[in-house]
Amino acid sequence: MNSVQNLKAAISKECDTVPLLQVTSMCKAKTNKRRRLGPKPVVQLAHGVEGTLLNEAPGNVIITNPHDAAAVYMSGCYGKGSMSKGAPTGLLDQSEHLILSPCEAMYLVEVGALILIQPELKQVCRSDLYKLWMNHDAGFCEKFIIYKHFRDKKYTVRSGIKYGGDFMLYTGDPNTSHAAYVVKVMTTAQEPLWTDVNALRRVSESVAKESVLSYVSFSHANDRNNPDCVDSAIVSHVLLKRWIPERDREIASQKPEKMKE
(Lines give C-alpha, C1' and ligand atoms only; values in the text may rest on other atoms or scores of the structure.)
Protein backbone atom coordinates (compact mmCIF):
# COMPACT_ATOMS: atom_id res chain seq x y z
CA MET A 1 0.00 0.00 0.00
CA ASN A 2 1.50 3.35 -1.05
CA SER A 3 1.57 6.60 0.95
CA VAL A 4 -1.54 8.06 -0.70
CA GLN A 5 -3.51 4.88 0.05
CA ASN A 6 -2.34 5.03 3.66
CA LEU A 7 -3.61 8.60 3.82
CA LYS A 8 -7.01 7.55 2.47
CA ALA A 9 -7.23 4.68 4.97
CA ALA A 10 -6.42 6.99 7.87
CA ILE A 11 -9.23 9.34 6.88
CA SER A 12 -11.80 6.61 6.27
CA LYS A 13 -11.48 5.41 9.88
CA GLU A 14 -12.86 8.74 11.15
CA CYS A 15 -15.00 9.88 8.21
CA ASP A 16 -18.25 9.16 10.10
CA THR A 17 -17.51 12.14 12.36
CA VAL A 18 -16.90 14.57 9.48
CA PRO A 19 -19.81 16.21 7.61
CA LEU A 20 -19.84 15.11 3.98
CA LEU A 21 -20.10 17.45 1.03
CA GLN A 22 -20.74 16.00 -2.42
CA VAL A 23 -18.52 17.28 -5.19
CA THR A 24 -17.41 15.94 -8.56
CA SER A 25 -14.09 15.39 -10.20
CA MET A 26 -12.88 14.41 -13.63
CA CYS A 27 -11.13 11.16 -14.43
CA LYS A 28 -8.71 10.80 -17.29
CA ALA A 29 -9.16 8.21 -20.01
CA LYS A 30 -6.08 6.12 -20.68
CA THR A 31 -6.07 6.48 -24.46
CA ASN A 32 -3.53 7.80 -26.90
CA LYS A 33 -5.90 10.57 -27.96
CA ARG A 34 -6.25 11.94 -24.39
CA ARG A 35 -10.02 11.56 -24.52
CA ARG A 36 -11.75 12.90 -21.38
CA LEU A 37 -14.51 11.11 -19.55
CA GLY A 38 -17.44 12.77 -17.84
CA PRO A 39 -17.59 13.87 -14.18
CA LYS A 40 -17.08 11.13 -11.64
CA PRO A 41 -18.74 11.56 -8.21
CA VAL A 42 -16.45 11.58 -5.17
CA VAL A 43 -16.85 12.58 -1.54
CA GLN A 44 -15.29 15.75 -0.13
CA LEU A 45 -14.52 15.18 3.54
CA ALA A 46 -13.37 18.71 4.41
CA HIS A 47 -16.03 20.98 5.89
CA GLY A 48 -15.53 23.79 8.43
CA VAL A 49 -11.84 22.99 8.95
CA GLU A 50 -9.79 25.63 10.79
CA GLY A 51 -6.62 27.01 9.19
CA THR A 52 -4.17 29.62 10.44
CA LEU A 53 -3.40 32.59 8.22
CA LEU A 54 0.28 33.49 7.94
CA ASN A 55 0.54 37.27 7.65
CA GLU A 56 3.89 37.34 5.87
CA ALA A 57 3.90 37.27 2.05
CA PRO A 58 2.55 35.48 0.11
CA GLY A 59 -0.07 34.96 2.82
CA ASN A 60 -0.20 31.17 2.84
CA VAL A 61 -2.43 29.18 5.18
CA ILE A 62 -1.26 26.36 7.44
CA ILE A 63 -3.38 23.50 8.81
CA THR A 64 -1.70 21.77 11.73
CA ASN A 65 -4.36 19.25 12.78
CA PRO A 66 -3.29 16.04 10.98
CA HIS A 67 -6.80 14.68 10.42
CA ASP A 68 -8.13 18.02 9.14
CA ALA A 69 -5.08 18.46 6.92
CA ALA A 70 -5.48 14.97 5.45
CA ALA A 71 -9.20 15.55 4.88
CA VAL A 72 -8.53 18.80 3.02
CA TYR A 73 -5.83 17.27 0.84
CA MET A 74 -7.79 14.14 -0.03
CA SER A 75 -10.95 16.12 -0.81
CA GLY A 76 -9.40 17.47 -4.00
CA CYS A 77 -5.59 17.54 -3.74
CA TYR A 78 -5.56 20.97 -2.09
CA GLY A 79 -2.25 22.21 -0.68
CA LYS A 80 1.16 20.63 -0.25
CA GLY A 81 3.17 19.25 2.63
CA SER A 82 5.52 21.59 4.46
CA MET A 83 8.35 19.05 4.05
CA SER A 84 7.41 17.14 0.87
CA LYS A 85 7.12 17.95 -2.84
CA GLY A 86 4.20 15.69 -3.69
CA ALA A 87 1.49 14.18 -1.51
CA PRO A 88 1.94 15.26 2.15
CA THR A 89 2.75 11.78 3.44
CA GLY A 90 4.19 13.16 6.68
CA LEU A 91 0.70 14.03 7.92
CA LEU A 92 0.29 10.48 9.22
CA ASP A 93 3.18 10.73 11.71
CA GLN A 94 2.66 14.50 12.23
CA SER A 95 6.12 15.28 10.84
CA GLU A 96 4.74 18.00 8.59
CA HIS A 97 1.73 20.29 8.13
CA LEU A 98 -0.45 21.17 5.15
CA ILE A 99 0.26 24.49 3.40
CA LEU A 100 -2.46 26.10 1.25
CA SER A 101 -1.78 28.81 -1.31
CA PRO A 102 -3.93 31.98 -1.20
CA CYS A 103 -6.01 30.82 -4.19
CA GLU A 104 -6.61 27.39 -2.65
CA ALA A 105 -7.51 28.86 0.72
CA MET A 106 -9.85 31.48 -0.76
CA TYR A 107 -11.65 28.83 -2.78
CA LEU A 108 -12.15 26.59 0.25
CA VAL A 109 -13.44 29.58 2.23
CA GLU A 110 -15.91 30.35 -0.57
CA VAL A 111 -17.35 26.82 -0.54
CA GLY A 112 -17.53 26.71 3.26
CA ALA A 113 -14.88 24.02 3.68
CA LEU A 114 -12.38 26.21 5.54
CA ILE A 115 -12.47 28.77 8.35
CA LEU A 116 -9.41 30.99 8.63
CA ILE A 117 -8.08 32.45 11.85
CA GLN A 118 -5.11 34.71 12.53
CA PRO A 119 -2.36 33.73 15.00
CA GLU A 120 -4.21 35.67 17.73
CA LEU A 121 -7.18 33.29 17.21
CA LYS A 122 -9.36 35.90 15.49
CA GLN A 123 -11.51 34.68 12.60
CA VAL A 124 -10.86 36.50 9.31
CA CYS A 125 -13.78 37.47 7.09
CA ARG A 126 -13.86 37.02 3.31
CA SER A 127 -13.42 40.73 2.46
CA ASP A 128 -10.41 41.11 4.77
CA LEU A 129 -8.80 38.02 3.23
CA TYR A 130 -9.30 39.42 -0.25
CA LYS A 131 -7.69 42.76 0.70
CA LEU A 132 -4.77 41.04 2.42
CA TRP A 133 -3.95 38.86 -0.58
CA MET A 134 -4.40 41.75 -3.01
CA ASN A 135 -1.79 43.65 -0.97
CA HIS A 136 0.60 40.71 -1.24
CA ASP A 137 -0.03 40.15 -4.97
CA ALA A 138 -1.59 42.81 -7.22
CA GLY A 139 -2.67 40.08 -9.66
CA PHE A 140 -4.41 37.93 -7.03
CA CYS A 141 -7.88 38.94 -8.26
CA GLU A 142 -7.38 37.56 -11.78
CA LYS A 143 -5.48 34.51 -10.55
CA PHE A 144 -8.21 33.55 -8.10
CA ILE A 145 -10.96 34.04 -10.69
CA ILE A 146 -9.14 31.72 -13.09
CA TYR A 147 -8.42 29.22 -10.30
CA LYS A 148 -12.09 29.17 -9.29
CA HIS A 149 -13.18 28.92 -12.92
CA PHE A 150 -11.20 25.74 -13.52
CA ARG A 151 -12.05 24.23 -10.11
CA ASP A 152 -15.73 24.77 -10.88
CA LYS A 153 -15.11 23.03 -14.22
CA LYS A 154 -13.98 19.99 -12.17
CA TYR A 155 -10.27 20.24 -12.95
CA THR A 156 -7.68 19.62 -10.25
CA VAL A 157 -5.65 22.83 -10.21
CA ARG A 158 -2.07 22.83 -9.00
CA SER A 159 0.80 25.34 -9.11
CA GLY A 160 2.41 25.68 -12.53
CA ILE A 161 5.46 27.64 -11.45
CA LYS A 162 7.95 24.91 -12.40
CA TYR A 163 6.84 25.20 -16.04
CA GLY A 164 6.71 28.99 -16.08
CA GLY A 165 2.92 29.24 -15.68
CA ASP A 166 0.52 30.01 -12.86
CA PHE A 167 -1.44 26.75 -12.78
CA MET A 168 -1.40 23.19 -14.08
CA LEU A 169 -4.69 21.47 -14.90
CA TYR A 170 -5.26 17.78 -14.20
CA THR A 171 -8.29 15.74 -15.18
CA GLY A 172 -7.46 13.13 -12.55
CA ASP A 173 -5.36 12.58 -9.46
CA PRO A 174 -2.01 14.45 -9.75
CA ASN A 175 -0.33 11.53 -7.96
CA THR A 176 -1.33 9.08 -10.71
CA SER A 177 -1.70 11.22 -13.85
CA HIS A 178 0.03 14.00 -15.75
CA ALA A 179 -1.24 17.54 -16.23
CA ALA A 180 -2.83 18.27 -19.59
CA TYR A 181 -2.46 22.07 -19.58
CA VAL A 182 -0.20 24.82 -18.25
CA VAL A 183 -2.15 28.05 -17.60
CA LYS A 184 -0.73 31.56 -17.62
CA VAL A 185 -3.01 34.26 -16.20
CA MET A 186 -2.74 37.53 -18.13
CA THR A 187 -3.20 40.11 -15.38
CA THR A 188 -3.70 43.86 -15.67
CA ALA A 189 -1.07 44.37 -12.98
CA GLN A 190 1.75 42.73 -14.92
CA GLU A 191 1.27 41.99 -18.62
CA PRO A 192 3.83 39.33 -19.69
CA LEU A 193 6.04 39.93 -22.72
CA TRP A 194 5.36 37.77 -25.76
CA THR A 195 8.91 36.47 -25.50
CA ASP A 196 7.91 35.06 -22.09
CA VAL A 197 4.75 33.58 -23.59
CA ASN A 198 6.77 31.91 -26.33
CA ALA A 199 9.15 30.51 -23.71
CA LEU A 200 6.14 29.12 -21.82
CA ARG A 201 4.88 27.42 -24.98
CA ARG A 202 8.27 25.88 -25.72
CA VAL A 203 8.64 24.53 -22.18
CA SER A 204 5.07 23.18 -22.14
CA GLU A 205 5.56 21.49 -25.49
CA SER A 206 8.75 19.79 -24.31
CA VAL A 207 6.81 18.08 -21.48
CA ALA A 208 3.76 17.15 -23.63
CA LYS A 209 1.44 19.82 -22.24
CA GLU A 210 -0.61 22.48 -23.95
CA SER A 211 -0.32 26.16 -23.05
CA VAL A 212 -3.37 28.26 -22.18
CA LEU A 213 -3.50 32.04 -21.78
CA SER A 214 -6.40 33.06 -19.52
CA TYR A 215 -7.89 36.55 -19.54
CA VAL A 216 -10.28 38.22 -17.08
CA SER A 217 -12.36 41.30 -17.92
CA PHE A 218 -14.61 43.47 -15.76
CA SER A 219 -17.48 45.80 -16.56
CA HIS A 220 -15.78 48.54 -14.53
CA ALA A 221 -12.08 49.01 -13.85
CA ASN A 222 -12.53 49.34 -10.08
CA ASP A 223 -14.56 46.13 -9.80
CA ARG A 224 -11.43 44.11 -9.05
CA ASN A 225 -11.08 45.87 -5.69
CA ASN A 226 -14.23 44.13 -4.45
CA PRO A 227 -14.36 40.35 -3.79
CA ASP A 228 -17.86 40.25 -5.29
CA CYS A 229 -16.28 40.81 -8.70
CA VAL A 230 -15.54 37.09 -8.82
CA ASP A 231 -19.14 36.29 -9.73
CA SER A 232 -19.48 38.92 -12.47
CA ALA A 233 -16.07 38.66 -14.14
CA ILE A 234 -15.83 37.44 -17.74
CA VAL A 235 -13.25 34.74 -18.42
CA SER A 236 -11.75 33.86 -21.81
CA HIS A 237 -8.92 31.58 -22.90
CA VAL A 238 -6.46 31.27 -25.76
CA LEU A 239 -4.94 27.87 -26.51
CA LEU A 240 -1.40 28.17 -27.91
CA LYS A 241 -0.32 25.70 -30.55
CA ARG A 242 2.80 25.56 -32.64
CA TRP A 243 2.35 26.43 -36.30
CA ILE A 244 4.28 24.05 -38.56
CA PRO A 245 4.23 25.26 -42.21
CA GLU A 246 5.28 21.86 -43.57
CA ARG A 247 2.26 20.24 -41.95
CA ASP A 248 -0.09 22.78 -43.54
CA ARG A 249 1.46 22.18 -46.95
CA GLU A 250 1.03 18.42 -46.54
CA ILE A 251 -2.63 18.87 -45.65
CA ALA A 252 -3.18 21.22 -48.60
CA SER A 253 -1.51 18.78 -51.01
CA GLN A 254 -3.72 15.90 -49.83
CA LYS A 255 -7.04 17.70 -50.37
CA PRO A 256 -7.20 17.35 -54.19
CA GLU A 257 -6.48 13.63 -53.94
CA LYS A 258 -9.33 13.14 -51.50
CA MET A 259 -11.69 15.08 -53.73
CA LYS A 260 -10.85 12.85 -56.73
CA GLU A 261 -11.69 9.76 -54.71
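The values are calculated or read from the model by the stated rules, or taken from the named source; none is laboratory data. Note that the structure is predicted; figures quoted are calculated from it, not measured. With ideal geometry, Cβ positions are generated from the backbone for all residues, glycine too; neighbour counts draw on all protein chains shown. When the accessible area is computed, the model is the full protein with side chains, heavy atoms only, and any ligands, DNA or RNA have been set aside. Shrake-Rupley method; radii C 1.70, N 1.55, O 1.52, S 1.80 Å.
Spin-label pair A208-D231: with each label point 7 Å from Cα along the Cα-Cβ axis, the two points sit 4.2 nm from one another.
Calculated translational diffusion coefficient of the stretch 71-227 (4 °C, 1.567 mPa s; Stokes-Einstein with Kirkwood radius over alpha-carbon pairs) equals 77 µm²/s.
Rolling a 1.4 Å probe over the protein chains gives S217 an accessible area of about 50 Å².
Find, to one decimal place in angstroms, the Kirkwood hydrodynamic radius of the stretch 50-123, where the mean of 1/r is taken over every pair of different Cα atoms and then inverted. Mind showing how you got there, number by number?
Working: mean 1/r = 0.0826 Å⁻¹.
In the stretch 50-123 this quantity evaluates to 12.1 Å.
Determine the shape class of the stretch 157-229: with a ≥ b ≥ c the square roots of the Cα gyration tensor eigenvalues, call it rounded for a/c under 1.5, and otherwise prolate if a/b is greater than b/c, oblate otherwise. Since a/c reaches 1.5 but b/c is at least a/b, the shape of the stretch 157-229 is classed as oblate. What does the charge count near L213 come to, summing +1 for each Lys or Arg and -1 for each Asp or Glu among other residues with Cβ under 10 Å from its Cβ? Neighbourhood net charge equals +2. Charged side chains reduced to their Cβ positions (Lys and Arg at +1, Asp and Glu at -1) give the stretch 147-226 a dipole of some 160 debye around its Cα centre. In this model, which of K153/K209; K122/K148; K148/K184; K122/K154 are farther than 21 Å apart at the alpha-carbon? Over 21 Å apart, Cα to Cα: K122/K148; K122/K154.
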